[in-house]
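Here's the structure we're looking at; comments come further down.
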């Protein structure tokens with residue numbers, strides 16, 4: 001502990017799954033400790049678990065009901081919250097610089113601000129990597145943030161409205177939604193959109209119109225879900241094809257226009273709403289950030305203790321950190337790895353206060369799960385007692401839902417999570433299955 005009686009300031013930048021969980025754990029640990037303070041910084045006022053953003057986009061998950069207020073969580077757990085986005089790091093003076101905040105009308109709300117730290121944790125997550133493909137920035141939608149997911153949903157509702165308002169004689173055009181990238185996000189979004197299309201068709205007696213939605217997935221690798229075991233890819237592909245989702249594998253996208261997606265093989269795939277989910281990278285602010293080492297994806301290089309390679313006072317975790325795993329590969333950017341890293345850092349930072357050695361991070365892969373909405377869930381489970389067990393259907397769905405519950409437990413504890421679950425069950429009994437506004 002500081003001998004000069006000055007508070008040790010833990011500063012966490014990024015309120016995603018890892019950052020918010022860590023801030024909540026540290027806040028509870030040091031709530032009554034007058035020698036320690038904890039601050040969380042994020043550019044938004046609320047948090048949504050990122051693996052659920054595809055449901056926000058489709059309209060089956062209402063962010064206004066399920067989002068978590070950073071201010072309320074900070075008050076509950078005993079940490080401070082500052083609104084802002086990272087602009088620079090000053091390692092010499094142990095400060096970060098926050099970018100100015102402007103309103104929707106361009107009015108300056110807050111100028112640049114400096115925040116001091118003793119221990120800095122970078123948990124800014126990831127953004128989509130467009131790989132320099134022409135037309136992506138101009139025409140594609142992303143699902144990196146709640147705002148982007150809501151933008152997608154608004155675009156979708158506008159398209160539905162045009163269909164509902166059209167004369168039957170004019171209603172002969174398909175709504176083509178094209179998803180570029182067949183990782184977990186792309187695949188889960190495709191299945192969710194197919195489910196939403198089926199639900200909309202059930203309103204035909206009321207609207208007098210059917211909703212003809214064509215969902216396509218384009219993947220540059222030779223199979224969907226290329227980062228997961230091949231049998232999961234095969235099983236998921238079979239399920240998607242049953243749902244009528246078109247799958248294009250081995251197709252490298254070369255350009256996007258306002259009406260189509262073009263590939264290197266010469267395919268021109270019609271597209272009214274293109275969605276880019278083909279890869280990730282860390283935010284550009286981490287590239288050449290005051291001497292911190294980063295890779296070509298802007299991820300900060302970290303040691304086994306999750307400390308950056310050139311500064312022991314700075315830690316990084318989650319999607320923005322490059323932590324070596326095995327066979328020259330880095331730990332995959334998954335929710336389970338971020339959760340494990342946050343759990344370790346909550347212990348490590350306490351040890352750091354007492355000048356004790358920090359433990360090495362050991363990633364444990366507990367398997368992978370892919371949700372296909374109400375149609376199915378497929379995956380595999382791994383652990384100490386089981387090497388590799390394939391699961392599908394209801395069992396897989398329950399395990400998938402438990403991942404979100406584990407995230408909620410890390411933030412609220414078991415009792416509040418149980419109450420949230422009950423309230424959602426009651427709410428679903430009176431609210432529509434999809435949000436159409």
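Bear in mind these aren't lab numbers, they're just calculated from the coordinates by the rules spelled out. These numbers were taken from a predicted model, which means no experiment stands behind them. As a convention, Cβ positions derive from the backbone with ideal geometry for all residues, glycine included, and neighbour counts pool all protein chains shown.
Annotations for the structure displayed:
- Label zone at residue 93, where the point sits 7 Å out along the Cα-to-Cβ direction: the stretch 99-114 residues whose backbone N lies under 15 Å: 99, 112-114
- Within the chain, DSSP assigns beta bridges of which about 50% are antiparallel (rounded to the nearest 5).
- Within the listed set 257, 249, 102, the Gaussian network model of the chain (springs between alpha-carbon atoms below 10 Å) gives the highest mean-square fluctuation for 102.
- Percent RCO, i.e. relative contact order, over the stretch 77-158, from Cα pairs under 8 Å lying at least 6 residues apart: 15 percent
- Rounded tilt (10° steps) of 230-242 against the dominant C-alpha axis of the chain: 40 degrees
- Among 179, 273, a tally of other beta-carbon atoms within 10 Å of each Cβ gives an order, fewest to most, of 273, 179.
- Most mobile of 15, 318, 244 in a GNM of the chain (Cα contacts under 10 Å): 244
- Extension gain for residue 101-residue 259 works out to 53.4 nm (0.36 nm per residue, less the C-alpha to C-alpha distance).
- Three-way shape label, the stretch 50-147, alpha-carbon gyration tensor, a/c 1.5: oblate
- The DSSP beta bridges internal to the stretch 11-163 are antiparallel in roughly 55% of cases.
- Rounded, prolate or oblate (a/c below 1.5 giving rounded, otherwise prolate when a/b exceeds b/c) for the chain by Cα gyration tensor: prolate
- Helical mean residue ellipticity (222 nm; -39500 (n - 2.57) per DSSP H run of 4+; nearest 500) of the chain: -10500 deg cm²/dmol
- Computed over the stretch 55-124: relative contact order in percent, which uses C-alpha pairs under 8 Å that are six or more apart: 18 percent
- In degrees, nearest ten, helix 394-430 long axis to first principal axis of the chain (Cα): 70 degrees
- Taking label points 7 Å from Cα along the Cα-to-Cβ direction, residue 313 and residue 295 give a separation of 2.7 nm.
- For the stretch 39-91, convex hull of alpha carbons as volume per residue, Å³: 106 Å³
- Relative contact order (percent, whole number), the chain, Cα cutoff 8 Å, 6+ residue spacing: 16 percent
- Just checking the listed ones, 22, 40, 401: in the Gaussian network model of the chain with Cα springs under 10 Å, the one fluctuating most is 401.
- Shape call, the stretch 136-279: gyration tensor on alpha carbons, a/c limit 1.5: prolate
- Rounded to 10°, Cα long-axis angle of helix 17-29 versus longest principal axis of the chain: 40 degrees
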